[in-house]
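Quick notes on the structure that follows.
The values are calculated or read from the model by the stated rules, or taken from the named source; none is laboratory data. Keep in mind the model is a prediction, meaning the values are calculated, not measured. As a convention, Cβ positions derive from the backbone with ideal geometry for all residues, glycine included, and neighbour counts pool all protein chains shown. Calculation scope for accessible area: heavy atoms of the full protein, side chains included, ligands and nucleic acids excluded. Shrake-Rupley method; radii C 1.70, N 1.55, O 1.52, S 1.80 Å.
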Amino acid sequence: MTAAAWRRRLGAFVVALIACGCASDAIVPGIANEISHFPIAPYERHQACATLAKGDRLDYRFDATSPVTFHLYYKVGATFLSPVSRDDVTEFAGVFLARDARRYCLQWEAGRQGAYLDYRIRLLREGDSR
C-alpha cells in the first residue's frame with residue numbers, strides 16, 4: 001500500500017469515527033459480554049467500549065455472516081489509533097493488553113451486504129487469570 005493510499009484510508013477511518021452514528025455497548029469487567037445475531041445494516045457500524053487500566057486485557061472473538069472491517073482503537077487528543085485492524089474478515093479472535101490507561105473500543109463495519117455479528121468480549125483486570 002502506498003503512503004498516499006494509507007493516508008486516504010486512515011483519513012476515511014477518522015472521519016467515520018468522528019461522524020459515527022453507530023450503536024455502542026459498554027463492556028463490564030469480569031462479565032463476558034456475549035451478543036448473538038446482532039444485525040449491522042449495510043455500511044453501518046457497531047462498537048463496544050471499555051475503560052482499561054494499564055495491564056488490563058480485552059479477550060475478544062467474533063464471527064460475522066458477511067465480511068466486516070474490524071478495528072480495536074483508542075483516541076489520543078484528536079487522533080484515533082488502531083493497534084488491531086482487519087479488513088474483510090468473517091471471524092477473528094485475540095487478547096489485547098492495554099499498555100496505557102484509556103478508553104478502548106472494538107468496532108465492526110459492515111459492507112454493502114450488511115452482516116449479523118456474534119461476539120464475546122471479556123475485560124480482564126490486571127492480575128485476573130480467568
- Query: Which whole-Hz ³J(HN,Hα) couplings does the stretch 44-51 yield from phi under the Karplus relation 6.51 cos²θ - 1.76 cosθ + 1.60, θ = phi - 60°, glycine and proline marked x?
  - Reply: 9, 10, 9, 9, 10, 10, 8, 8
- Surface accessible to a 1.4 Å probe, per residue, for the residues of the stretch 72-124, Å²: 52
- Phi-derived 3J(HN,Hα) across the stretch 105-111 with the Karplus relation (6.51, -1.76, 1.60, θ = phi - 60°), rounded Hz, x for Gly and Pro, is 10, 9, 9, 10, 10, 7, x
- Query: Can you give the extra length, in nm with one decimal, that the chain gains between R112 and S36 once fully stretched, where that is 0.36 nm per residue apart less the Cα-Cα distance?
  - Reply: 25.3 nm
- Message: Under the rule of at least 5 residues apart or a separate chain, name every residue whose amide H is placed under 5 Å from the amide H of G114.
- Response: Y43
- Note on the structure: Once phi for every residue in the stretch 55-60 is put through the Karplus expression 6.51 cos²θ - 1.76 cosθ + 1.60 (θ = phi - 60°), the whole-Hz ³J(HN,Hα) values, with Gly and Pro written as x, are x, 5, 10, 10, 9, 9
- Note on the structure: Between the alpha carbon centres of the stretch 30-56 and the stretch 78-109 the gap in Å comes to 10
- Item | Simple label model, 7 Å out from Cα along Cβ direction - R86 to R61, nm | 1.2
